[in-house]
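Trainee: There's a structure below that I have some questions on.
The values are calculated or read from the model by the stated rules, or taken from the named source; none is laboratory data. Since the structure is predicted, the reported quantities are computational estimates derived from the model, not experimental observations. Don't worry about glycine lacking a Cβ; one is built from the backbone with ideal geometry, like all the others, and counts go over all protein chains shown.
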Amino acid sequence: MNAVIRQVCRNVKRWRDAKMALRWTAAGMLEAAKGFRRLKAHKQLSILKAALLKHREPGITVVDQTAEAA
């Protein structure tokens, strides 16, 4: 997506304000969206979301496995 935005925005010779930059960035995003493909595993996204939320629950301590035991 960033490459397409860069390609679209290179046509601008003089940036006038932040609104103009946002408009051109949005135009680049719309252009990039044409090339996006659907996720192959989109049906499993709900399972992934549930697993990530469970992982974020308080009370779970994450042990750094790279640290050496004292």
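Trainee: Answer yes or no: is there a residue in the stretch 10-24 that is aromatic (F, W, Y), at pLDDT 90 or above, assigned to a loop (DSSP other than H, G, I, E, B) and surrounded by 10 or more Cβ atoms within 10 Å (Cβ to Cβ).
Mentor: Step one: list which residues in the stretch 10-24 are aromatic (F, W, Y), which gives 15, 24.
If we keep only those that are at pLDDT 90 or above too, we end up with 15, 24.
Subset that is assigned to a loop (DSSP other than H, G, I, E, B): 15.
Filter once more, so that each one left must be surrounded by 10 or more Cβ atoms within 10 Å (Cβ to Cβ): 15.
For the stretch 10-24, residues aromatic (F, W, Y), at pLDDT 90 or above, assigned to a loop (DSSP other than H, G, I, E, B) and surrounded by 10 or more Cβ atoms within 10 Å (Cβ to Cβ): present.
Trainee: Further question on the same structure: Can you name every residue in the stretch 25-48 that is in a helix (DSSP H, G or I) and of a type in the set (G, A, S)?
Mentor: First pass over the stretch 25-48, keeping only residues in a helix (DSSP H, G or I): 25-33, 42-48.
Correct list: A26, A27, G28, A32, A33, S46.
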